[in-house]
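J.: Structure incoming, see below.
Taken together, the values in this text are just the output of simple stated rules run on the coordinates, not laboratory data. On a predicted model such as this, the values are computed, not experimentally measured, just so you know. Methodologically, a virtual Cβ is constructed for each residue, glycine included, from the backbone with ideal geometry; neighbour enumeration extends over all protein chains shown.
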Amino acid sequence: MCPVTHSCGTMTQTPIRPAATVIVLRDFPDAPRILMGQRGAKAAFMPNKFVFPGGRVDDSDAAIDLMTPLPEACAARLRHRAQDTTPTALAAAAIRELWEETGQILGHPAPWPDAPDDWAGFAAKGFRPHAGGLTFFFRAITPPGRPRRFDARFFLLRAEDLATDPDDFSDATDELSHLSWVSLSQARALDLPFITSVVLGELAGLTEIAPPPSVPFFENTDEESLFHRLQADPVTPTEPTTPR
């Protein structure tokens, strides 16, 4: 938690909410491009920044019946130190946010007559969500002192796994503007959050989309900022180090 001092001198805490982000890769690995958009100038969190699609986990996400689950290697790492959420909730949030912010669908054709309200538009397209194409790739907690804080899990996804035309953003909401596919070099020239720049560095050395040998975890607490790598055995991560 992050203590915040108000003008009266009292202390309050900014809760850390679980979140999910999707890094959609196109033309990988020959000339990879990634899907990004710009947050609005009036956004409370990271205004004007270019980001990957994503957002916080909703309470209803844990109850979504995914037609295809996450790969077990990814689910095991997601369960590590995640008392406030589940792999299913994180995957569902990633798929839902991708749909809401870009109009892109990760799903299988199937009727969904009892879809929750948040998924009504998704279901109306004739799909149900599946998570088989998602790969857990990165985790980071927003540092203290920010108006909102998230424990964000980043997922990789091939554009080929989308059920929709990757150039059609007509069903997107207005949460992100300037949605486009950009190369890694083009992305680095944009106005980015710090952690997005770090993720781009990890992407630069990517040779395949599969559960990696370890997952970077930037853990920002009130006391210190730690860097872990979550290994294949999620209960025995490497010893954390304090970034200089």
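J.: Helix 87-102: angle to the longest alpha-carbon principal axis of the chain, degrees 0 to 90, nearest 10?
T.: Approximately 70 degrees, to the nearest 10.
J.: Among Pro29, His130, Val215, which residue has its Cα furthest toward the positive end of the charge dipole of the stretch 14-230, with +1 on Lys/Arg Cβ and -1 on Asp/Glu Cβ?
T.: Sorting the options by dipole projection puts first Val215.
J.: Moving on. Fewest first, what order do His130, His80 take by the number of other Cβ atoms within 10 Å?
T.: Working: His130 20, His80 17.
Least to most surrounded, the residues fall as His80, His130.
J.: Something else now. Using the count of nearby Cβ atoms within 10 Å as a rough guide to exposure, how do Asp117, Asp58, Asp151 rank from fewest to most? Can you show the working numbers first?
T.: Details: Asp117 7, Asp58 17, Asp151 23.
By the 10 Å Cβ count, ascending, the order reads Asp117, Asp58, Asp151.
J.: Considering only DSSP beta bridges with both partners in the chain, what is the antiparallel share in %, to the nearest 5? Let's see the in-between values first.
T.: Working: 33 of 45 bridges.
Of those bridges, close to 75 percent are antiparallel.
J.: In nm, give the distance between the simple-model label positions of Ala189 and Asp30, each being 7 Å from the Cα along the Cα-to-Cβ direction.
T.: Each label point is offset 7 Å from its Cα along the Cβ direction, giving 2.3 nm.
J.: So how much slack lies between Ala110 and Asp84, counting 0.36 nm per residue of separation and subtracting their Cα-Cα distance, in nm?
T.: On the way: separation 26, 0.36 × 26 = 9.36 nm, distance 3.03 nm.
That works out to 6.3 nm of additional length.
J.: Right, next: Rounded to the nearest 500 deg cm²/dmol, what is the calculated helix-only ellipticity per residue at 222 nm for the chain, with -39500 (n - 2.57) per DSSP H run of length n ≥ 4?
T.: Values: 5 runs with 45 residues, N = 244.
That comes out to -5000 deg cm²/dmol.
J.: Mind checking the dipole of the chain: about its Cα centre, +1 per Lys or Arg Cβ, -1 per Asp or Glu Cβ, Debye to the nearest 20? Working shown, then result.
T.: Details: 22 positive and 32 negative charges, 138 e Å.
That gives a dipole near 660 debye.
J.: Name the long-range amide H neighbours of Gly40: under 5 Å, sequence gap of 5 or more, or other chain; modelled H, no Pro or chain starts.
T.: Asn48
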